Amino acid sequence: MGEIEDILLTVADPEVSARFYAGLLGCRPVVTRPDRALFKLSSGRALGLMRRSGEGGSVCEIDFPMDGAAAVDQAHIDWWDRGARILTPPHDLGCGRSFVAGDPDGHRLRVFAAT
């Protein structure tokens, strides 16, 4: 079995979510349609946002690794300024430093630096 390459999130409104992720990621989606948006990331992976059918949907967590605790704290400031909803402020863990933000659909975005 190979590695997982892409991330697909189901969202209520792909346009709203695309604006949110464009602000956080600092890039524009390469595909925008009423039912989907697609970002190509510098890692070569893709982040897809697909309109969810019906109510509800599962919530996912995406991890954003950083190089050191100072980078986590700076990302927290940047994300706060860009309108991210902070669920857990920066804090030290036994294995590093982390904070958690939420996207418009409740998906969890964990920023962390391992020690």
Being touching an Asp or Glu at 6+ places or on another chain (Cβ under 8 Å) and within 16 Å of Gly23 (Cα to Cα) is the filter; apply it to segment 47-83 and report the residue that is surrounded by the most Cβ atoms within 10 Å (Cβ to Cβ).
-> Leu47
Hey, could you check segment 27-45 for residues that are part of a strand (DSSP E or B) and surrounded by 14 or more Cβ atoms within 10 Å (Cβ to Cβ) and say which is nearest to the chain's Cα centre (by Cα)?
-> Phe39
So which pairs qualify, if the first residue must be in segment 86-101 and farther than 19 Å from Val59 by Cα and free of Cβ contacts under 8 Å to residues at least 24 places away in the same chain, the second must be of a type in the set (Ser, Thr, Tyr) and open to solvent by 50 Å² or more (accessible area, probe 1.4 Å), the Cβ gap must be under 9 Å, and the two must be at least 6 apart or on different chains?
-> Asp92/Thr115; Leu93/Thr115; Gly94/Thr115; Cys95/Thr115
Going through segment 92-104 one residue at a time, which ones are farther than 17 Å from Leu49 by Cβ and open to solvent by less than 60 Å² (accessible area, probe 1.4 Å)?
-> Gly96, Arg97, Ser98, Phe99, Val100
Failed criterion for Ala22 (all others in (1) open to solvent by less than 40 Å² (accessible area, probe 1.4 Å); (2) in a strand (DSSP E or B); (3) over 14 Å from His107 (Cα atoms) hold) | (2)
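The values are calculated or read from the model by the stated rules, or taken from the named source; none is laboratory data. No experiment lies behind these values; they were computed from the predicted model shown. Methodologically, a virtual Cβ is constructed for each residue, glycine included, from the backbone with ideal geometry; neighbour enumeration extends over all protein chains shown. Surface areas here come from the heavy atoms of the whole protein model, side chains and all, with no ligands, DNA or RNA. Shrake-Rupley method; radii C 1.70, N 1.55, O 1.52, S 1.80 Å.
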